[in-house]
Amino acid sequence: MHPYSPFATSRLKKFVHVAAFLAVLLASLPAYAVHAQDDIAQPVAPASLASLAEMLASAPGLTASPIPESVELPASIPAEALAQMPDRTKYAVVGYRLEGDGLHATVQLPASQTAYIASGAPDNNFGGDAFINLGWEQVIYNAMRVLIQFDLGSLPANAQINNATFYINQSAITPAGDGQGMSFRAQFMQQAWNASNVTWNSANYLGGQSLPLGDIPPAVGWIEGGATDVVKAWRSGQPNNGLLITGDETANLGRWRQFYSRSIPALAPYILVDYTVNCDTTPPVATMGAPRSFEPAEFVVSWSAFDPEQPGCQASGVDWYNVRYRINGGGWSNWKDQSTSTSNTFKGWAPNGALVEFQVQAADRAGNLGAWSAIVSTRIDAEPPVASVNPLPQFTISPNFTVSWGGVDNLSGIAFYNLQVSKNDGNWQTLLSDTTATSFQVTGSSFGDKFEFRVQAVDNAGNAQPWSPNAQAFTVIFDEPIAVVLRFNPSVIKPTSPITTVIPVSWSTFSAPGTTITEYELRYRYTPFDGVTGNWLTWQTFPGATESANFDYTALGLGNGLYEFYALATNNLGQKQTFNPDNGAGQSVILDLNDQLLPAVYMPFVSNTASD
């Protein structure tokens, strides 16, 4: 039985798509050799073409695994096609095995292009040479750099890269006896190039993002290095224009390395790629979370995706995301590459007023990479609004008054305000939070209360105005006039006093701006020397222009004793002063016409006289 003939079994029909892929893979199988690394440590001269033929003859051949008998191949793929051996330079299958819903394969991909460029011959092309050189040659070529490219098109679109290794055959080491490794730097090529015409002048400047530094061992033969990250980068969207490799270009050392180029197929550079292909061939669908119309300089961006089910094949699930952004319609910038997170903070990379757009794509665990999502956008509002409390009068003539405020914002508009008050120089307290109102009615205040206010605005992008360290407006409650009786002089009226028949009473008034005094009510209280303190009684009312009067105690039948006086003012708004004899607005005087009162103690007189 032919090893590639169809089999009648149908035990694993769910693997039909895997078998189809495998059949195509084997149909393209070239007789291509895989070489182990040569451990020769001494430098040798470049091999001749005759010796190369001997090396090819002794190279181990590639053995392909047959399709398992348990797999039923689609009838659309004839057995004869599997026996064909097409393009020997495309790829070779090293091995494979079925794993559940998938196929694990290892393939060998030879370089699709190789060349080197030389600063000493800047217009010369070396793409057809049998060797590619790296480093510094002192006589003719000077700096020599390698260009190499691999065609990954033969890998299935949904291949999940597990591992990749780069192999190159080092044919010579200069100077002879150089036992040190040569450090090198590889860069992603930024533009396409052609090995048949590339030169130093056309390609030397095309190196872009650098890969981690590597080291070429001082061994002739096959050498290897990790290439997993490079292959994954190319598979996830990095343009595959190949690599530009730079070695040790220290001129006075003259160190350079020689490798076989693509011109010698069996010794050409190649990469060995280990990957997995799953029955899941449908890519996930990614969606960007919709940002607000305006966002601050830093804000959280989110995204998600779902991996659809397929008939007979369970979805493998979302594996990672690529997220990109652009500012004001410019070029796209990669933000998140193969990230497993579903949100991140966009941190101040766009100026105030800029339009920022986002897109996301997702890959599943089967290696299917979905399309870029629909674009979502926002505009950056990086500046906070400015709000202030409107001025208040120095004195407010009502215990109930209105405080108001307003503000402006440069872009997104004010979303809400926070209002704070300090009463009688106390701590700041919040009156209103998250309010869209622009005024507030203060009630229940008392005469003399001091109110200070400040307001904070927050815009629709979430930018909060810093709190002012000081009050933006203040006022003092002055909702009644204040009359104050002036001090008596003398405070004790004796028989020898200038006036003894009446008690002269004077007062003055404090009233809120814009108000006038219309009337005074004078009250008194009398306490005889040997009696009980009487009640407060109204003496008389006076027009607002009057601020003094003589108290005729004899007309009231009063005599010696203590007289207390208190004035109550009324203003043109009808507001009358509150009677509070303990607030210090009143005054007292003693009438002692019989000279009954004697000093209880004399204060000493102290003189500080300076002497010569």
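Tell me, how many Å apart are the Cα centres for segment 116-177 and for segment 229-283?
Taking the Cα centre of segment 229-283 as reference, the centre of segment 116-177 is 9 Å away.
Which order do the peptides 432-444, 278-290 take when ranked by the mean count of other beta-carbon atoms within 10 Å per residue, highest first?
Values: 432-444: 12.3, 278-290: 19.5.
Packing order, densest peptide first, comes out as 278-290, 432-444.
Taking Cα atoms of segment 410-529, Rg/Rh with Kirkwood Rh, to two decimals? Show your work: numbers first, answer last.
On the way: Rg = 25.1 Å, Rh = 19.4 Å.
My calculation puts Rg/Rh at 1.29.
Can you give the net charge of the other residues whose Cβ lies under 14 Å from the Cβ of Ser202, counting K and R as +1 and D and E as -1? Provide the component values of the computation, followed by the final result.
Values: positive: Arg145; negative: Asp123.
After counting each charged neighbour, the total is 0.
What are the ³J(HN,Hα) values, in whole Hz, obtained from phi via the Karplus relation 6.51 cos²θ - 1.76 cosθ + 1.60 with θ = phi - 60°, for each residue of segment 463-470 in sequence order, with x given for Gly and Pro?
Taking θ as phi minus 60°, the curve returns 6, 9, 5, x, 5, 5, x, 10 Hz for segment 463-470.
Can you flag which of Lys232/Lys347; Lys347/Lys450; Lys450/Lys576 are past 32 Å Cα-Cα?
Details: Lys232/Lys347 27 Å; Lys347/Lys450 44 Å; Lys450/Lys576 20 Å.
Pairs exceeding the cut-off: Lys347/Lys450.
Between segment 432-479 and segment 363-401, what is the separation of their alpha carbon centroids in Å?
What the calculation gives is 21 Å, centre to centre.
Once phi is turned into ³J(HN,Hα) by the Karplus curve 6.51 cos²θ - 1.76 cosθ + 1.60 with θ = phi - 60°, what whole-Hz value does each residue of segment 518-526 show in order, with x for glycine and proline?
Once θ is set to phi - 60°, the couplings for segment 518-526 become 9, 7, 10, 10, 9, 10, 9, 9, 10 Hz.
Mind giving me the nanometre distance, one decimal, between the label points for Asn352 and Thr287, set 7 Å out from Cα along Cα→Cβ?
Placing both labels 7 Å along Cα→Cβ, they lie 3.5 nm apart.
Where in segment 158-189 does the label zone of Ala121 land, with the point 7 angstrom along Cα→C-beta and an amide N cut-off under 20 Å?
171-175
Along the Cα-to-C-beta direction of Asn390, a point sits 7 Å from the Cα; which residues of segment 514-546 have their amide N less than 20 Å from that point?
514
What does the extension gain come out to for Phe579 and Ser339, with contour length at 0.36 nm per residue minus their alpha carbon separation? Could you put the intermediate results ahead of the total?
Values: separation 240, 0.36 × 240 = 86.40 nm, distance 7.72 nm.
Result for the pair: 78.7 nm of gain on full extension.
Decide, for segment 386-477, between rounded, prolate and oblate: order the square roots of the alpha carbon gyration tensor eigenvalues as a ≥ b ≥ c, take rounded if a/c falls under 1.5, and otherwise choose prolate if a/b is larger than b/c, else oblate. Provide the component values of the computation, followed by the final result.
Working: a/c = 2.36, a/b = 2.09, b/c = 1.13.
Prolate shape, in that a/c is at least 1.5 and a/b is the bigger ratio.
None of the figures in this text is laboratory data; all of them are computed from the coordinates on show. Everything quoted here is computed from the prediction, not taken from an experiment. Reconstructed Cβ throughout: ideal geometry from the backbone, glycine too, with neighbour counts over all protein chains shown.
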